[in-house]
Amino acid sequence: MNVESKPTRVQLLGSWAPSPAGPRWRLCRQRTLLLIPVLVLALLLVLAQGAGWFIAHREVPLLHDTGSADPLPAPAKLPGAIKSLQRKLAALAPKGIFVVVDTAANRVMLRRGEETLRTMVASCGSGNVLEDPAGGRSWTFETPRGSFSVQSKVNNPLWIKPDWAYLEEGEAIPRNRAERAQPGMLGEYAVGIGQGYFIHGTLYKRLLGRNVSHGCVRLGDEDLTALVKSVPLGTRVIIY
């Protein structure tokens, strides 16, 4: 008996060929293929939760600088925690009169506790940088930030013009110190706060309210007089 031999189609990876099992087998196969992505996605979600990076519901612990986890207080304990923090902040606040300098807004506030006694328009550091190519020096004209104190109060201060002032104006730097003396440039008073910085007067009152100084804090005449009369030596000066 002769048997007719027919070639069999072989499905290579990535190709398609009909199967001798018929339509029913193809339907089951299609359903199986549709289930594969669902199963893979479910497996990924389970692994993600186990690994701690399930983005849809990730919990981020509150970390201290030490890197240790600090759980948030229970809602019932939040009012007590807030009051405790307020007490700590109040303990850190200066007692009596103190001075606050806002370098961005160019304002000086004379305060007693939470009360603002006087707000004054000032001129703080410009932030400009001056280079001295010949001498290899540079100066940054910024008002320092931090906590300071009134260390001196000088009447009719005499400004000894520094090197950078001559370089800025394109003038030769004098060798004789006496030639550097500039009376009247700092106003009637100068309040020393340390590190060579002062709160003082200015000849350029039209520039008050702008960041144009070389690091010191400039005030108008009336505000400077009021400040000098109000702050004893040791008064806290907070600059930010």
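A few comments on the model shown:
- Conditions (1) assigned to a helix (DSSP H, G or I); (2) touching a helix residue (DSSP H, G or I) at 6+ places or on another chain (Cβ under 9 Å); (3) modelled with pLDDT under 95: number failed by ILE173: (1)
- A count restricted to the range 145-170 and to residues that are on the phi > 0 side of the Ramachandran plot and in a strand (DSSP E or B) stands at 1.
- Residue satisfying all of: in the range 199-240; of a type in the set (D, E, K, R) and under 15 Å from GLU142 (Cβ atoms); surrounded by the fewest Cβ atoms within 10 Å (Cβ to Cβ) among these: ARG210
- Of all the listed residues (GLY135, GLY125, GLY184), the sole one being of a type outside the set (S, T, N, Q) and surrounded by fewer than 12 Cβ atoms within 10 Å (Cβ to Cβ) is GLY135.
- Matching residues in the range 189-230 - criterion: being in contact with a strand residue (DSSP E or B) (Cβ under 9 Å, 6 or more places away or on another chain), of a type in the set (A, V, I, L, M), within 19 Å of ASN106 (Cβ to Cβ) and not in a strand (DSSP E or B): LEU207, LEU208, VAL212, LEU224, ALA226, LEU227
- With respect to the conditions (1) surrounded by 15 or more Cβ atoms within 10 Å (Cβ to Cβ); (2) within 30 Å of the chain's Cα centre (by Cα); (3) among the small types (Gly, Ala, Ser), GLY196 lacks only one, and its number is (1).
- Check on GLU142, in the same structural domain as GLY187 (by TED's automatic domain parsing) and part of a loop (DSSP other than H, G, I, E, B): yes
The values are calculated or read from the model by the stated rules, or taken from the named source; none is laboratory data. Just so you know, these numbers come straight off a predicted model, no measurement behind them. Counting neighbours? That spans all protein chains shown, and the Cβs are built from the backbone with ideal geometry, glycine included.
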